[in-house]
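The values are calculated or read from the model by the stated rules, or taken from the named source; none is laboratory data. The model shown is predicted, which means the values in this text are computed figures rather than measured ones. Ideal geometry is used to build each Cβ from the backbone, glycine not excepted, and the neighbour counts take in all protein chains shown.
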């Protein structure tokens, strides 16, 4: 069975978009409230599978492909496990509690996205833009975050066990209560990063890094 076919059976039956950036995506249906102001985009499982298939062609450089644009989309709870969303546009999208386990998300734009309790375990987030995203209590165990941008992201209570954060920008990120067990922070610039109260006893820190007295409290 092809990946697209598997995704078609797994993706939530309906997904809404709060605004209209993805209006041109295949299979999208626009709904308007009685007042004519509340525009939404609804995607069925088949339509989402078609979008992902077209996006996969875009990633491969096929002229028949088209980049997926879910900017501002409502994808809360969506099952996108194993989906290829590399280089996709998801700025400001709502992906709360979405299943993105083992998804290919390299180079995608999730800036400002709402991703509370999203499951990103084992996902490829290489060079992904997550600046300002809300990842409160998100599952990022084993995620590949090489050179990702998590600047200003909210990672309160997030699970970052065994996550690769080498060369990742985490300046201004809120890491309060995050689980950094065996996470890799080699070559990561920690200047100005608040690690106060975190258990870093098994975290692989940059060479020569020493916790400040405040961070040890």
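The single residue among 130, 160, 146 that is in contact with a strand residue (DSSP E or B) (Cβ under 7 Å, 6 or more places away or on another chain) and more than 15 Å from residue 184 (Cβ to Cβ) turns out to be 130. What do you reckon, is residue 188 crowded, with 19+ Cβ neighbours inside 10 Å, in the same structural domain as residue 122 (by TED's automatic domain parsing) and in a loop (DSSP other than H, G, I, E, B)? Against the criterion (crowded, with 19+ Cβ neighbours inside 10 Å, in the same structural domain as residue 122 (by TED's automatic domain parsing) and in a loop (DSSP other than H, G, I, E, B)), residue 188 qualifies.
Applying the set (1) in contact (Cβ under 8 Å) with a residue 24 or more places away in the chain; (2) on the phi > 0 side of the Ramachandran plot to residue 81 leaves exactly one unmet item: (2).
I'd like to verify a number: residues in region 50-76 that are touching a strand residue (DSSP E or B) at 6+ places or on another chain (Cβ under 8 Å) and assigned to a loop (DSSP other than H, G, I, E, B), how many? So the answer is 7. Does residue 89 meet the test of being touching a strand residue (DSSP E or B) at 6+ places or on another chain (Cβ under 6 Å), farther than 25 Å from residue 198 by Cβ, at pLDDT 95 or above and not assigned by TED's automatic domain parsing to the domain that holds residue 56? For residue 89, the condition - touching a strand residue (DSSP E or B) at 6+ places or on another chain (Cβ under 6 Å), farther than 25 Å from residue 198 by Cβ, at pLDDT 95 or above and not assigned by TED's automatic domain parsing to the domain that holds residue 56 - is met.
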